[in-house]
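Asker: Dumping the structure here so I can ask a few things about it.
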Amino acid sequence: MKLFTIRRRNGWRTSAELERAASISARVGNEEMADQVRWIRSYVVKERNGELGTVCIYQAVGEAAIREHARRVGMPATEINVVETTVIVRDDPSQTQVEAAE
């Protein structure tokens, strides 16, 4: 499997909508497409129009598998890119660290 980034723009109006989609996404990935896609993590972003989008990290056999997963879940896959390499300067902060910094 290759590593991909997926940009999902303006996919959800509320956190509750996003949570429902995440639950369906995990089920589809784990039960229906486990040999094709693997969800690693997502970063939720507030879009300019106030809706929520995500930047997701997935492993997949190819772009077509990611698009099929998105279709089954009913969510956007606006941009899909293969990750060429990773540069890690620091580990991702935990949510506790982010909240403490605010």
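Asker: Report yes if some residue within region 82-102 is exposed (fewer than 15 other Cβ atoms within 10 Å of the Cβ) and under 12 Å from the mean Cα position of the chain (by Cα); otherwise report no. Before the answer, list the steps.
Answerer: Narrowing region 82-102 to residues exposed (fewer than 15 other Cβ atoms within 10 Å of the Cβ): 82-102.
Now restrict to residues that are under 12 Å from the mean Cα position of the chain (by Cα): none.
Taking every residue of region 82-102 in turn, none turns out to be exposed (fewer than 15 other Cβ atoms within 10 Å of the Cβ) and under 12 Å from the mean Cα position of the chain (by Cα).
Asker: Any chance you could count how many residues in region 34-81 are open to solvent by less than 40 Å² (accessible area, probe 1.4 Å) and of a type in the set (Phe, Trp, Tyr)?
Answerer: So the count comes out to 1.
Asker: Is there a residue being in contact with a helix residue (DSSP H, G or I) (Cβ under 8 Å, 6 or more places away or on another chain) and surrounded by fewer than 17 Cβ atoms within 10 Å (Cβ to Cβ) anywhere in region 4-18?
Answerer: No, the conditions are met nowhere in region 4-18.
Asker: Within region 22-33, track down each residue that is surrounded by fewer than 17 Cβ atoms within 10 Å (Cβ to Cβ) and within 14 Å of Pro76 (Cβ to Cβ).
Answerer: Quick first cut of region 22-33, residues surrounded by fewer than 17 Cβ atoms within 10 Å (Cβ to Cβ) only: 23-24, 26-27, 30-32.
Scanning region 22-33 gives a single hit, Ile24.
The values are calculated or read from the model by the stated rules, or taken from the named source; none is laboratory data. Owing to the predicted nature of the structure, the values given are computational and were not obtained by experimental measurement. Note that each Cβ is placed from the backbone with ideal geometry, even for glycine, and that neighbours are counted across all protein chains shown. Areas reflect the complete protein model, heavy atoms only, side chains present, ligands, DNA and RNA absent. Shrake-Rupley method; radii C 1.70, N 1.55, O 1.52, S 1.80 Å.
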